[in-house]
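The values are calculated or read from the model by the stated rules, or taken from the named source; none is laboratory data. Just so it is clear, the structure is predicted and the values come from calculations on it, not from any experiment. Quick reminder, even Gly has a Cβ in these numbers, built from the backbone with ideal geometry, and neighbours come from all protein chains shown. Protein only, heavy atoms only, side chains kept; ligands, DNA and RNA dropped before computing areas. Shrake-Rupley method; radii C 1.70, N 1.55, O 1.52, S 1.80 Å.
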Amino acid sequence: MENRIRAMVSSVSKTCAPYCTCGDLGIHGFPHLVQVATTAGLIATELGEDIQSAVVGGFLHDCARTNDAGGRGHAIDSAILGAWLLGRFFPELDANRKRICEAISWHADGKTTNDMLIACIWDADRLDLKRLHRVIDPRFLSTDVAKRMI
């Protein structure tokens, strides 16, 4: 399954990367998008959620970032660009488009959720804080799967 997810992430990356503004960023560049997309797919697998929706949402969550600063502006910008990319390249995900865009729009706010597709994306992003040598606080994770991955 992990190889299938990695192939899916590679395909999503090739499709979406030319439209993303975050590619050269140090903290939130393409390596971060690839890692979040992969982890979101792995979490989705264990939860029985739609893997493609989780992978695409994970990749797009920071797609419109222009800097590594905090705040919610990048999340809203990424949700707008993400909605356009979903409509253009992933019409098969239309049933989950609203949930994916909600996940992208609110991923930077430290919330938790009972919506397992949104949780896949949020938890995958938060788990990637390890790359910055930050301690992951399980209170900010929505799934038991992610809590086990700490």
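Can you tell which of Ile51, Ile118 is closer than 25 Å to Leu25 by Cα, within 14 Å of the chain's Cα centre (by Cα) and in contact (Cβ under 8 Å) with a residue 24 or more places away in the chain? Full working, then the answer.
On the way: Ile51 fails: closer than 25 Å to Leu25 by Cα.
Answer to the check: Ile118.
Sort out which residues of the range 93-111 are touching a residue at least 24 places away in the same chain (Cβ under 8 Å) and more than 16 Å from Ala75 (Cα to Cα), and write them in order of number. Matches in the range 93-111: Leu93, Asn96.
From the list Thr143, Thr66, Thr113, exactly one residue is open to solvent by 10 Å² or more (accessible area, probe 1.4 Å), polar (S, T, N, Q) and under 16 Å from the mean Cα position of the chain (by Cα). Which is it? Spell out the reasoning first.
Numbers: Thr143 fails: open to solvent by 10 Å² or more (accessible area, probe 1.4 Å); Thr66 fails: under 16 Å from the mean Cα position of the chain (by Cα).
The match here is Thr113.
Just one of the listed residues (Gln52, Gln35) is in a helix (DSSP H, G or I), closer than 15 Å to Leu127 by Cα and open to solvent by 50 Å² or more (accessible area, probe 1.4 Å), and it is Gln35. Restricting the range 83-107 to residues that are small (Gly, Ala, Ser) and more than 14 Å from the chain's Cα centre (by Cα) leaves a set whose member that is nearest to His61 (Cα to Cα) is Gly87. What pairs can you find where one residue is in the range 7-35 and more than 13 Å from Ser78 (Cα to Cα), the other is among the basic types (Lys, Arg) and modelled with pLDDT of 95 or more, and their Cβ atoms are less than 8 Å apart, with a gap of 6+ or different chains? Hits for this filter: Leu25/Arg65. Could you list, in sequence order, all residues of the range 20-32 that are open to solvent by 30 Å² or more (accessible area, probe 1.4 Å) and either in contact with a Gly (Cβ under 8 Å, 6 or more places away or on another chain) or outside any loop (DSSP other than H, G, I, E, B) (or both)? Residues satisfying the conditions are Phe30, Pro31.
Name the one entry in Ala44, Ala7 that is open to solvent by less than 10 Å² (accessible area, probe 1.4 Å) and either among the charged types (D, E, K, R) or modelled with pLDDT of 95 or more (or both).
Working: Ala7 fails: open to solvent by less than 10 Å² (accessible area, probe 1.4 Å).
Within the list Ala44, Ala7, the selection yields Ala44.
The residues of the range 69-93 that are at pLDDT 95 or above and open to solvent by 50 Å² or more (accessible area, probe 1.4 Å), listed by number, are Ile76, Asp77, Ile80, Trp84, Arg88, Phe89, Pro91, Glu92. Scanning the range 55-80 for residues that are outside any helix (DSSP H, G or I) and within 23 Å of Asn114 (Cβ to Cβ) gives His61, Arg72.
Entry remark, the range 20-31: residues being in contact with a helix residue (DSSP H, G or I) (Cβ under 6 Å, 6 or more places away or on another chain) and either on the phi > 0 side of the Ramachandran plot or modelled with pLDDT of 95 or more (or both) number 0 in total.
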